[in-house]
Amino acid sequence: MMKMDTKTLTLLNSYLCKKNMISERLKEFREVLHGSDERVFAELSFCLCTPQSKAFVCWNAISNLANNQLLYHGSSENIKPFLKGIRFPNVKAKYIIDARTYFTVEGRLNVKSHLCSFVETVELREYLVENIKGIGMKEASHFLRNIGLGKDLAILDRHIMRSLEEFGVIQMVPKSLTNAKYLVIESLMKDFSEKISIPMNELDLLFWSNKTHFIFK
């Protein structure tokens, strides 16, 4: 049995307090893939917007775009005004349009059939990184977690990386993150999650909520 230090015991106590809320949020994520292609595309668009931007701001923007259908039918010029407060709105509006075009078949969004054609989640992540502009390892992992497919994937944003550093999982937060380095840190996080018996997707939300004080996306 792993000997727990005070910091790890505090983390486990936090997990016990938040476990039900975390489980409920993960259940909501799993239900997304059972919804429409438009709902799944909204999650992808959200993850395209999140780099260097606040999650709440991004989700509010995407929700507004979805509600008025501009997310699914609007041009880049239509979308840009809704991305206020999001870094690089011009580029990210274009990413949304490019992704929508990629997943449109015979005039209709067809995201789910693409995703469900993959058996392995890791291969699906690679496919997204290779084919969708604006999607890196973090964004692909984030998107897959948010539709219930990223159970064993790490979303290595600044909150998670700092937490991993604090718990000695990594020596320091890297200044840059290549795909190869991402996989190494993901493996280290997975080892840590197994040692403390907290599943990866739950550990991610726990770390994130401990830094931001809320459980979100």
In the set 133, 151, 217, which member is in contact with a Phe, Trp or Tyr (Cβ under 7 Å, 6 or more places away or on another chain), at pLDDT below 95 and among the charged types (D, E, K, R)?
217
Please work out which residue is surrounded by the fewest Cβ atoms within 10 Å (Cβ to Cβ), limiting yourself to the stretch 1-30 and to residues that are without any contact (Cβ under 8 Å) to a residue 12 or more places away in the chain and of a type in the set (D, E, K, R).
3
Looking only at the stretch 190-217, filter to residues that are among the small types (Gly, Ala, Ser) and in contact with a helix residue (DSSP H, G or I) (Cβ under 8 Å, 6 or more places away or on another chain); which one of those is surrounded by the fewest Cβ atoms within 10 Å (Cβ to Cβ)?
209
Filter result for the condition that a residue is closer than 23 Å to residue 88 by Cα and surrounded by fewer than 20 Cβ atoms within 10 Å (Cβ to Cβ), over 176, 117, 141, 187:
176
Please determine whether any residue of the stretch 176-195 is part of a loop (DSSP other than H, G, I, E, B) and touching a residue at least 12 places away in the same chain (Cβ under 8 Å).
yes
The condition from (1) under 23 Å from residue 59 (Cα atoms); (2) modelled with pLDDT under 95 that residue 156 misses is numbered (2)
Residue pairs qualifying under the 6 Å Cβ cut-off, at least six apart or on distinct chains, with the first in the stretch 46-63 being under 19 Å from residue 98 (Cα atoms) and the second being surrounded by fewer than 16 Cβ atoms within 10 Å (Cβ to Cβ) and of a type in the set (S, T, N, Q), are none
Per the filter on the stretch 94-151, residues more than 20 Å from residue 204 (Cα to Cα), of a type in the set (S, T, N, Q) and touching a residue at least 12 places away in the same chain (Cβ under 8 Å) are 110, 131
Among residues of the stretch 1-36, those that are out of contact with any Ser or Thr (no Cβ under 9 Å at 6 or more places or on another chain) and either charged (D, E, K, R) or not in a helix (DSSP H, G or I) (or both), counted
16
So, in the stretch 100-113, of the ones that are part of a helix (DSSP H, G or I) and in contact with a strand residue (DSSP E or B) (Cβ under 9 Å, 6 or more places away or on another chain), which residue ends up nearest to residue 72 (Cα to Cα)?
100
So which pairs qualify, if the first residue must be in the stretch 77-93 and on the phi > 0 side of the Ramachandran plot, the second must be buried (at least 19 other Cβ atoms within 10 Å of the Cβ) and part of a helix (DSSP H, G or I), the Cβ gap must be under 8 Å, and the two must be at least 6 apart or on different chains?
85/61
Of everything in the stretch 123-162, what is part of a loop (DSSP other than H, G, I, E, B) and closer than 18 Å to residue 175 by Cα? Give them in sequence order.
136, 154, 155, 156, 157
Restricting the search to the stretch 31-59, which residues are surrounded by 18 or more Cβ atoms within 10 Å (Cβ to Cβ) and among the charged types (D, E, K, R)?
37, 43
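The values are calculated or read from the model by the stated rules, or taken from the named source; none is laboratory data. It should be emphasised that the depicted structure is a prediction, and the values quoted were computed from it without experimental measurement. Here Cβ is always computed from backbone atoms with ideal geometry, including for glycine, and neighbour counts include all displayed protein chains.
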